[in-house]
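Data block below; observations after.
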Amino acid sequence: MAVPMLQMWLVGRGELKGWRWSTETGADVVDNDQIRLAKARIQQIWNQDPRILSFVLCRWSLLASTDCKETPYSIIGATKPNCKYDALNLGGWEGYALVCLKSKLIQRLVRSVVAKIRDAASKCTVIDLTDLLNAFTNDIVCEAVSGRLFREQGHKKLFRELVEANSLLLGGFNLEDYFPVLVKMDIIKRIVCAKAQKVKKMWDNLLNNIIDEHASKSVPEHNSEDSDFTDVLLSIQEEYKLTRDHIKAQLEIIFEAGTDTSFIVLEYAMVQLMRKPHLMNKLQAEVRSTITKGKEIVTEDDLDSLAYLKAVIKETLRLHMPGPLLIPHLSMADCNIMGYTIPSGIRVIINSWALARDPNSWEHADEFMPERFMECGSAATMDYKGNDFQYLPFGAGRRICPGMNYATASIEIMLANLMYHFNWKLPVELMNEGGISMTEFFGMTVHRKEKLLLVPEVPQD
């Protein structure tokens with residue numbers, strides 16, 4: 001199986017000899033002689049996110065993102081050591097998105113996907129599952145953030161193009177990484193950052209349009225059926241002293257982080273199940289025996305009893321986390337660990353990909369084995385909520401991904417419906433070529449290079 005070379009390179013060079021991490025978050029960092037370093041000190045030094053957009057895009061923000069350049073904590077992240085979320089507790093993104101998953105929004109989008117697949121099945125035609133799942137996760141984010149505005153004004157296609165442009169810019173070659181002095185020259189900066197500035201203007205136009213449209217109407221209550229996340233931000237704007245740039249930064253973060261990640265996990269789950277048909281049969285048996293026969297769609301209320309489904313998703317996140325190096329953190333002060341000096345002002349990268357494939361922590365680390373997360377499995381007590389250092393697909397601590405529960409719930413709902421309604425097989429051409437390619441491409445996220453083309457079938461009673 002092809003793996004991203006960057007992670008492999010870091011695996012071989014990322015170890016500091018003589019010290020190890022405890023396998024439980026919140027524990028001290030210790031070396032082989034049990035020399036303990038205070039957890040609080042590490043959190044204080046490495047708890048900040050760096051100015052990622054500025055670092056990567058020649059120190060020019062992709063947006064006029066005050067949030068990324070000036071404030072140490074985002075309003076959708078942590079603001080106090082003992083307060084995991086701040087604005088979120090007042091009806092922000094996480095709470096709002098989870099409400100969407102239980103509402104008519106998610107049901108409508110799931111029905112649309114099922115209908116398209118059912119149509120392809122009736123014609124015995126190949127379906128581009130990559131495009132379909134990408135559109136599904138894109139639509140959820142668009143409508144959760146801006147409601148009917150995206151549907152009415154046809155912004156969804158533009159949004160997807162901008163997200164792809166962001167990923168290429170932020171994850172691609174950056175001249176400043178290699179020649180930082182050269183990029184400080186104005187003429188070089190203008191040349192190198194020309195494309196970034198073009199994308200920035202497009203984001204500005206789109207986000208300003210969204211904000212203006214919402215500001216011109218009366219803001220509904222947080223729990224109103226007509227409210228969306230932009231309404232929530234505008235409703236707390238005065239209380240949190242949010243500028244327009246703050247709001248635009250938050251919206252772009254949600255757009256960027258909420259689309260690719262969920263889609264990538266969904267696609268990889270289907271890929272792994274197609275590569276191991278006996279596991280797909282096992283998952284289909286669980287879903288179809290648990291969910292009432294003839295039900296139109298599987299809903300959020302049906303998920304609690306689907307233990308193997310959750311194990312499949314956990315294992316997919318372990319092997320195919322969308323952000324294998326997480327979001328870099330910034331060292332805020334000089335730090336010395338076992339004689340290694342980590343100066344202030346540099347980025348600290350966590351190779352979560354390597355942690356999740358460490359043979360010292362995982363049995364058959366490179367194998368897709370959902371059973372490890374089942375009861376009595378070797379990883380039965382592990383979760384992705386930042387409680388285990390071997391398994392950090394969403395990060396940990398105050399900087400853990402705020403959309404974690406939203407993302408996993410949307411993945412569970414769609415995967416359950418794909419298993420409940422359809423059987424799947426490879427197109428003849430793909431079988432003749434040796435099956436599904438696992439070649440990967442990485443930028444800001446890691447995803448498969450080739451599209452996933454499958455033939456759906458409606459199971460016979």
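Each part reduced to its alpha carbon centroid, the range 117-136 and the range 309-348 end up 36 Å apart.
A straight chain from Phe179 to Glu164 at 0.36 nm per residue would run longer than the Cα-Cα distance by 2.8 nm.
Putting +1 on Lys and Arg Cβ atoms and -1 on Asp and Glu Cβ atoms, find which of Gly435, Trp424, Ala379 reaches farthest to the positive end of the dipole of the range 319-461. Toward the positive end, the furthest listed residue is Ala379. With R₀ fixed at 30 Å, the C-beta to C-beta distance from Thr125 to His364 puts the FRET efficiency at about 0.20. Take the Cα of Ala194, step 7 Å toward its Cβ, do the same at Ile337, and the gap between the two points is 4.2 nm. Multiplying the residue separation of Met438 and Leu453 by 0.36 nm and removing their Cα-Cα distance gives an extension gain of 4.1 nm. Peptide packing for 361-368, 246-253, 379-386 was compared via the average number of neighbouring C-beta atoms within 10 Å per residue; ordered from the highest value, the list is 246-253, 379-386, 361-368.
Overall shape: oblate for the range 384-461, with the ratio a/c of the largest to smallest alpha carbon gyration tensor axis at 1.5 or above and b/c at least equal to a/b. One decimal place: the segment Arg288-Asp301 gains 3.2 nm when fully extended, by the rule 0.36 nm per residue minus the C-alpha distance. Overall shape: oblate for the range 244-386, with the ratio a/c of the largest to smallest alpha carbon gyration tensor axis at 1.5 or above and b/c at least equal to a/b. Label the range 255-315 by shape, choosing from rounded, prolate and oblate, from the square roots a ≥ b ≥ c of the eigenvalues of the Cα gyration tensor; if a/c is under 1.5 it is rounded, and otherwise prolate applies when a/b is larger than b/c, oblate when it is not. Cα axes put the range 255-315 in the oblate bin. Close amide H contacts of Ile342 (hydrogens built in the peptide plane, cut-off under 5 Å, sequence separation of 5 or more or a different chain): Cys335, Asn336, Ile337.
In order along the range 242-256, the Karplus-derived 3J(HN,Hα) couplings, from 6.51 cos²θ - 1.76 cosθ + 1.60 at θ = phi - 60°, round to 7, 8, 4, 5, 4, 5, 4, 4, 5, 5, 5, 4, 5, 4, 5 Hz, and Gly and Pro are given as x.
Every number here is computed from the coordinates shown, using simple stated rules; none is lab data. The structure presented is a predicted model; accordingly, all values stated were derived computationally and were not measured. Counting neighbours? That spans all protein chains shown, and the Cβs are built from the backbone with ideal geometry, glycine included.
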